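Participant: Structure below; questions to follow.
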Amino acid sequence: MSAPTLDRREAPLTLDQPAPKVLSFWDQSAFWANLGVSLFAFSGAYTVLAPNTDGAAQISIAAGILAMIIGTVVGGLMLGLAAIPGTETGKPAMMLLRGLFGAKLSYLPTVLNIAQLIGWGTFELIVIGNAAEELFDGGPHWVYVVAAGVLTTVLTIWPLGSVRMLRRFVTVGVVIALIWFYLQFIREGLPDLTTNPGPKSSGPFGVDWNLFWVATDAALAVSISWVPVAADYTRHSRSTRAAFGAASGAYAFTQIIAYVLGLFALALASGDGGVYSPFLTVSLGAVFFFIFVFREADQSFANVYSTAVSIQNLAPRVDRRVLSVGLGVLITLLALRLNMENYFGFLGLIGSVFVPLLGVLVADFFLRAKGQWNTSIDAPSRWGMVFAWLVGLSVYQLINPGDAGVWTDFWVHAQEKLHFTKQAWMSASLLSFVAAVAVAWIVGRISLRKTGASTS
């Protein structure tokens, strides 16, 4: 059987084939900018208000906006750092982890990434289905979910073509829709955004800073969710500068705009309307909201394509198109059966896993290896880097155990055993990142000394 013909303008079908460098700065900027404008930013804007177990906001909208801006800017910079190794090596994200942990040890974060991407892809189809149901005032929910699943799957067959299509046709419509809704919401008249609905604090601005950093971590976690897939796209970038600039700048900029709009909608929402009712009740709201619903498929597309590429780290010769079709069917079936009840807890788990993973990658790729990694199928195991990763994860969970059932109970118990009390200035994301960088750098230095001693 002859090998499939390689399209020099498209992503390779297997990991054995080279990645074409065809994406410009503007292609990538349009891609990341569209990922920053998500229906999650509208329906899930409450996550930056540090909701309690009953779902009630605990900080003001103004404080939530500030927390979201800080978290998104930091998360955008982390996303930009994650974009660079893909461009410099031409390797997808999970294949890069062979250089960080070794080939066999890279399977663990690969499996975790596959799980989180399937979760995100499923959530996206649920959100699209719910939004379409509100947009069209009812109708069969399953039809919307299946239609979104089919569109998602089709986009994954030609991923780089889909990225270029976003730039040419979709981005302009999204920009116009954002401007329109901002103008309409401001005309509606926004309520007081500074009212603090949660526990009062004697700190500056009356904000409970423990809750503020929890909100910041929630916003940062949304950006971080793209970190373990960034290289899947930036390996096709024409330059490192284009990859970093587009990933860090375009994504952060549009996510801030989308989240602020979502918080405005939350402030205007009435108790008897749907999640998206503020968008649908303004003049021409249904027309412009349709753009958001249709464009949301790029989120599920990115998740499904990256899941397929992640699976290829485990099975390098499997055709990504076969994987994409199978995954499209899987997330569609899951979206028809599941809901989004524990989204906030899901974000906490994502952050605790992938923020310190990025810290280890940054320390080893930029500070020690200087871009020289062994990403072959027989790359040796590097347990020291796994240790650094686990240290960072532990720091995150001790500071912010999240809301994830038994997992949270374990870390709360660990806090008690260690007599650890979180201080108001502690950010789980930032401190876990710093801890992972520090430990990975120390481990790398020790490894270099041992290597030097053995060769002298």
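Participant: Sorted by packing (mean other beta-carbon atoms within 10 Å per residue), highest first, where do 52-64, 209-221 land?
Facilitator: Numbers: 52-64: 17.8, 209-221: 26.2.
Sorting 52-64, 209-221 by mean packing, highest first, produces 209-221, 52-64.
Participant: Taking 7 Å along the Cα-to-C-beta vector as the label spot, tell me the R317-A269 distance in nanometres, rounded to one decimal.
Facilitator: 5.1
Participant: Can you give me the accessible area per residue for the chain, using a 1.4 Å probe, in Å²?
Facilitator: 42
Participant: For the range 213-315, what is the convex hull volume of the alpha-carbon atoms per residue, in Å³?
Facilitator: 153
Participant: What number, rounded to the nearest 500 deg cm²/dmol, is the helix-based mean residue ellipticity at 222 nm of the chain, given -39500 (n - 2.57) per DSSP H run of at least four residues and division by all its residues?
Facilitator: When only DSSP H runs of four or more count, the value is -21500 deg cm²/dmol.
Participant: Using a 1.4 Å probe and ignoring any ligands, DNA or RNA, find the accessible area of V362 and quote it in Å² to the nearest 10.
Facilitator: 20
Participant: Positive end of the charge dipole of the chain (Lys, Arg +1 and Asp, Glu -1 on Cβ, about the Cα centre): tell me which of M78, V146, A335 has its Cα farthest that way.
Facilitator: Toward the positive end, the furthest listed residue is M78.
Participant: Assuming R0 = 45 Å, what is the FRET efficiency of H419 and L190, from their Cβ-Cβ distance, to the nearest 0.05?
Facilitator: Details: r = 45 Å, r/R0 = 0.99.
Calculated transfer efficiency: 0.50.
Participant: Let me ask something additional. Considering Cα pairs under 8 angstrom that are at least six residues apart, work out the relative contact order of the chain and quote it in whole percent.
Facilitator: Taking the mean separation of contacting Cα pairs over the length of the chain, I get 30 percent.
Participant: Looking at the square roots a ≥ b ≥ c of the eigenvalues of the Cα gyration tensor of the chain, which shape do they give, rounded for a/c under 1.5, prolate if a/b is larger than b/c, or oblate?
Facilitator: oblate
Participant: Fully extended, how many nm does the chain gain between R238 and I442 (0.36 nm per residue separation, minus their Cα-Cα distance)?
Facilitator: 70.1 nm
Participant: Let me ask you something else. Ignoring any ligand, DNA or RNA, what whole percent of the accessible area of the range 261-310 comes from carbon and sulfur when the probe is 1.4 angstrom? Mind showing how you got there, number by number?
Facilitator: Numbers: 1040 of 1540 Å².
Carbon with sulfur: 68 percent of the solvent-accessible area.
Participant: Here's something else I'd like to know. Quote the accessible area belonging to S38 in square angstrom, nearest 10, computed with a 1.4 Å probe and with ligands, DNA and RNA left uncounted.
Facilitator: Near enough 10 Å² of accessible area.
Participant: Here's a follow-up. Carbon and sulfur: what percent of the range 1-155's accessible surface (1.4 Å probe)?
Facilitator: Numbers: 3620 of 5410 Å².
Roughly 67 percent of what the probe reaches on the range 1-155 is carbon or sulfur.
Participant: Same structure, new question: Could you work out the relative contact order of the range 376-456? I mean the mean sequence separation of Cα pairs under 8 Å and 6+ apart, divided by the number of residues, in percent.
Facilitator: 42
Participant: Please give the peptides 184-194, 440-450 ranked by average Cβ packing (other Cβ atoms within 10 Å per residue), highest first, as a rough proxy for protection. Don't skip to the end; give the middle numbers.
Facilitator: On the way: 184-194: 12.5, 440-450: 15.7.
Ranking, from highest mean packing down: 440-450, 184-194.
Participant: Another question, if that's okay. Given N residues in the range 218-278, what is its alpha carbon radius of gyration divided by 2.2 N^0.38 Å?
Facilitator: 1.52
Participant: Per q in 0.17, 0.20 Å⁻¹, report the Debye log10 I(q)/I(0) for the range 29-105, using one uniform scatterer on each alpha carbon and no solvent.
Facilitator: -0.83, -0.94
The values are calculated or read from the model by the stated rules, or taken from the named source; none is laboratory data. In this text, all values refer to a predicted model and were calculated from it rather than measured experimentally. So basically every Cβ, Gly included, is an ideal-geometry build from the backbone, and we count neighbours across all protein chains shown. Surface accessibility is based on the protein's heavy atoms, side chains included, excluding ligands, DNA and RNA. Shrake-Rupley method; radii C 1.70, N 1.55, O 1.52, S 1.80 Å.
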